[in-house]
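The values are calculated or read from the model by the stated rules, or taken from the named source; none is laboratory data. Bear in mind the structure is a predicted one, so any value in this text is a computation, not a measurement. Neighbour counts run over all protein chains shown; Cβ positions are idealised from the backbone, glycine included. These area figures cover heavy atoms from the full protein model, side chains too; ligands, DNA and RNA do not enter into them. Shrake-Rupley method; radii C 1.70, N 1.55, O 1.52, S 1.80 Å.
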Amino acid sequence: MAIRTILTVGDPALTKKCHPVTKFDEKLAGLLDDLKQTLAEANGLGLAAPQVGILRRAVVVVTDLDTGSMLELVNPEIIAQEGEQDGLEGCLSVPGKWGYVKRPQWVRVRAQDRDGNWFETEGSDVVARCFCHELSHLDGHLYTELTDRLYTSEELDAMAGEEEQA
């Protein structure tokens with residue numbers, strides 16, 4: 001396992017559509033292990049293969065905020081969604097910036113595991129947001145395309161301070 005460099009906005013790999021995974025081998029297992037270690041080190045909630053320069057349809061997502069447990073999704077697709085939530089989103093590839101993004105409240109995802117077995121999983125709230133965010137990376141899209149404005153941490157702190165005073 002190795003910690004990989006996370007690409008940042010402006011890198012062309014982040015705007016490319018990823019290829020499906022067709023080989024379920026040690027190379028894929030190594031990529032998934034590296035994604036998990038890199039995500040843990042970066043203290044993020046999700047990481048997609050193109051964020052480390054690999055144009056394959058593979059992501060890892062934190063599914064339990066208390067334990068930090070991660071789910072590997074290979075060739076994932078959203079097969080159902082319900083509701084709507086509007087909330088702040090950030091990205092390891094867009095460091096120091098956040099924006100408000102509308103996402104489904106709940107999603108169901110169909111994916112393969114590292115051995116090629118198909119399964120379905122679902123998530124709501126922040127997990128649904130993470131699924132949508134990471135799967136967008138696989139099609140070359142960043143959350144910045146869905147927000148009207150990007151905020152710095154200083155701006156968010158100032159907004160929180162104003163809310164406390166009100």
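Just a few scattered comments:
- Meets criteria (under 14 Å from VAL94 (Cα atoms), surrounded by 13 or more Cβ atoms within 10 Å (Cβ to Cβ) and out of contact with any Leu (no Cβ under 8 Å at 6 or more places or on another chain)) for HIS141: yes
- Segment 19-66, subset open to solvent by 50 Å² or more (accessible area, probe 1.4 Å) and assigned to a strand (DSSP E or B), residue farthest from LEU138 (Cα to Cα): ASP64
- Contact map, segment 91-107: residues that are closer than 19 Å to VAL62 by Cα paired with residues that are surrounded by 20 or more Cβ atoms within 10 Å (Cβ to Cβ) and among the polar types (S, T, N, Q), Cβ distance under 8 Å, separation 6+ or inter-chain. Pairs shown: LEU92/GLN51; SER93/GLN51.
- Subset of segment 67-81 (residues that are within 23 Å of ARG4 (Cα to Cα) and surrounded by fewer than 15 Cβ atoms within 10 Å (Cβ to Cβ)): THR67, GLY68, SER69
- Per-region count, segment 8-18, residues in a loop (DSSP other than H, G, I, E, B), at negative phi and either at pLDDT below 95 or surrounded by fewer than 17 Cβ atoms within 10 Å (Cβ to Cβ) (or both): 5
- Criterion (surrounded by fewer than 20 Cβ atoms within 10 Å (Cβ to Cβ) and more than 12 Å from the chain's Cα centre (by Cα)) met by exactly one of ARG108, ARG103: ARG108
- Pairs where the first residue, in segment 57-70, is closer than 13 Å to LEU39 by Cα and at pLDDT 95 or above and the second is among the charged types (D, E, K, R) and surrounded by fewer than 11 Cβ atoms within 10 Å (Cβ to Cβ), C-beta under 9 Å, 6+ apart: MET70/ASP64
- Leading residue by the ranking (nearest to GLY99 (Cα to Cα)) among those in segment 147-163 that are surrounded by fewer than 12 Cβ atoms within 10 Å (Cβ to Cβ) and touching a residue at least 24 places away in the same chain (Cβ under 8 Å): ARG149
- Checking ASP113 against (1) open to solvent by less than 80 Å² (accessible area, probe 1.4 Å); (2) over 27 Å from LEU55 (Cβ atoms), the condition it does not meet: (2)
- Strands (runs of 3 or more DSSP E) contained in segment 78-166 and holding at least 2 residues at pLDDT below 95, farther than 26 Å from HIS19 by Cα and touching a helix residue (DSSP H, G or I) at 6+ places or on another chain (Cβ under 9 Å): 85-91
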